[in-house]
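The values are calculated or read from the model by the stated rules, or taken from the named source; none is laboratory data. These numbers were taken from a predicted model, which means no experiment stands behind them. Positions of Cβ are generated from backbone atoms using ideal geometry, with glycine treated the same way; all protein chains shown enter the neighbour counts. Calculation scope for accessible area: heavy atoms of the full protein, side chains included, ligands and nucleic acids excluded. Shrake-Rupley method; radii C 1.70, N 1.55, O 1.52, S 1.80 Å.
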Amino acid sequence: MEFECQQSIEVTKDLTNCVEDTSPVQIDTIHSNPETESLNSEPNHCISCSESECQNLEITKPTLECPLSITDLPPALISTIFNSLDPKELGIVSCVSTTLCSVASEHHVWKQFYCERWGLPIVSALLGPGFSDEKSWKELFVERDFRSRTFLGRYSIDVLYGHTEAVLTVFLLASAKRIFTSGYDSIVRMWDLEEGLLIASSRHLGSTLRAIAADTKLLVAGGTSGFIHCWRATEGLPSLFDLSGSEKQNTEFRLWEHEGPITSLVLDLTRIYSGSWDMTVRIWDRALLKCLKVLRHSDWVYGLAPHDTTVACTSGSDVYVWDTNSGTLLSIIHGAHVGNTFSLARSHAGDFLFTGGEDGAIHMFEIINDCDEGDVVQVATWKAHSGSVNSLAFEFPWLVSASGDGKLALIDVRKLLRTSRSSSRKRVSRVNNVEPPQRMLHGFECNLFSVAIGADRIVCGGEEGVVRIWNFSQALEIEQRARALRGIRLENRLRRRKLQIDMISKSGRANRCLVAAKKNQISGNQSGVWHKKHEMSGELKA
């Protein structure tokens, strides 16, 4: 891999015409200045030294030092080049040389790669900013990308019993290893993700709960009566939230303003987003517990997905994108589905939307240039289900859909994305005929209403009133053992190869001895004597 500066191309071309070899050469002529007459007719004549001195005098032809490889470039230019590469290309560059390996492995772009796909690491958020010193961003990226591939491997299914009616909503809080579920029985239940055990249950909240969301500080659930029931995290409590209300009374409260059932809830660091069948999306301040903005739609709101200063919503069959600061409508997708658009998911970077509808189709849209007018384009479509798509969940690169046909579909969108770091946005392959889902998960015989993905698991709730967990951690362990065995095999193969090379080098000396022996072969009579002696020795032994 060689690179040349554009400014030095002409100089390099001139040098190639006059400098052909850098090996030491004996001086034939020496010019005192450019106007001196050539002495090629007297090649053995020397102007400034004696003949004996001239024969012993050797010099090296001068060469111009110019960058011939990428390692000779300034560090700032190398960093700019690496910024234009995707993870696969950057990994290939790191295999070229030890110098490039150290530079590429420590490059800051790995943090950007990771955060674009999954956000900040969960453990880093819990242990503080010092955690990143233990592992480089490249190591974190490679590990997370490796874990994402286990969803095609083996799995086990855990079934959680406890709800008496259909489960309408599930939420997976991977950072705390907790699952929150609720539904027609009007009770919020908290489960341990690892053990699959029920940790706590709330009291009866008075109405059906269709939406739930949580982080490590706040838990919210939305009811059909239009309220948002909230729990603050209790300090020092291992389960985070006191759902029964026995510890402190001021940790539980409600927000009222919606006039219809609440169908979707999302939390970020400073705000609460709620969507309702009253055809509005309300944005709340988490600290003041007041409604900041009301975004009005023309039909029932089924789903919402905020990111930074925008929020995407599904209303009826349309998809809206709003500016959360000004409350202005940035873009609208009319008739995204035939019938209602029931589900919505968004990539962590916020530039891709995934919608699922009553027609059983799943659409992928790209938001370009901060969603200027007309800059929301459809990328791909999957027809994965025979029933309506009631819920979507996305964790790079997997899109998971739950449908009324009782099936889950896993779609890998990695092939549709071609990250171009040299431009201000991602370039996506516009594909009309995309591959079918990479995997279909069965096990339900009735409607599936909600799905979540994270921590090597997929959690789903449906009409039969149980919660199922597809656990892929077994596939991760199997793949890790397989990768370790491949490494051992490769090491043994290299060791055998080295031994073969050593044996070949030794056999080369042995072959020379055989050649010498053939040149001095013994005569036929001597050979006969040897055979006679061999026969006599055999008779004596007998």
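Apply 1/(1 + (r/R0)^6) to the Cβ-Cβ distance of Val96 and Leu494, taking R0 = 22 Å, and write down the FRET efficiency to the nearest 0.05.
So, using R0 = 22 Å, E works out to roughly 0.65.
Over region 276-393, average the accessible area per residue using a 1.4 Å probe and give it in Å², no decimals.
It amounts to 38 Å² per residue over region 276-393.
What is region 248-344 by shape, rounded, prolate or oblate, if you read a ≥ b ≥ c off the alpha carbon gyration tensor as root eigenvalues and call it rounded for a/c under 1.5, prolate for a/b larger than b/c, and oblate otherwise?
Because a/c hits 1.5 or more and a/b exceeds b/c, region 248-344 counts as prolate.
Kindly sort Met364, Met503 by accessible area of their heavy atoms, largest first, with the probe set to 1.4 Å.
Met503, Met364
Which FRET efficiency value, to the nearest 0.05, do you get for Ile501 and Glu106 by plugging their Cβ-Cβ distance into 1/(1 + (r/R0)^6) with R0 = 45 Å?
0.85
With θ set to phi - 60°, apply the Karplus curve 6.51 cos²θ - 1.76 cosθ + 1.60 along region 111-117 and write out the HN-Hα couplings as whole Hz, x wherever there is a Gly or Pro.
After applying 6.51 cos²θ - 1.76 cosθ + 1.60, I find 5, 5, 4, 5, 5, 5, 8 Hz.
Whole-Hz Karplus ³J(HN,Hα) for region 462-477, in order, using 6.51 cos²θ - 1.76 cosθ + 1.60 and θ = phi - 60°, x for Gly and Pro?
Each residue of region 462-477 in turn: x, 6, 6, x, 10, 10, 10, 10, 8, 9, 9, 5, 5, 5, 5, 5 Hz.
What whole-number distance in Å separates the alpha-carbon centres of region 269-285 and region 317-371?
Region 269-285 and region 317-371 have Cα centres spaced 16 Å from each other.
Let a ≥ b ≥ c be the square roots of the eigenvalues of the Cα gyration tensor of region 290-393; is it rounded (a/c under 1.5), or, if not, prolate (a/b larger than b/c) or oblate?
Cα axes put region 290-393 in the prolate bin.
Amide H neighbours of Ser388 under 5 Å, at least 5 residues apart or on other chains, H built in the peptide plane: list them.
Counting only residues 5 or more places away or on other chains, the set is Gly404, Asp405.
Read phi for every residue in region 312-328 and hand back ³J(HN,Hα) as whole Hz from Karplus 6.51 cos²θ - 1.76 cosθ + 1.60, θ = phi - 60°, with x for Gly and Pro.
After applying 6.51 cos²θ - 1.76 cosθ + 1.60, I find 9, 9, 10, 9, x, 9, 9, 10, 10, 10, 10, 8, 6, 7, 9, x, 8 Hz.
Where a ≥ b ≥ c are the square roots of the eigenvalues of the C-alpha gyration tensor, would you call region 97-240 rounded, which needs a/c under 1.5, or, failing that, prolate if a/b is larger than b/c, or oblate?
In terms of gyration-tensor shape, prolate.
Tell me the label-point distance for the pair Leu292, Gln378, using the 7 Å Cα-to-Cβ offset, in nm and rounded to one decimal.
Here the modelled spin labels are 3.4 nm apart.
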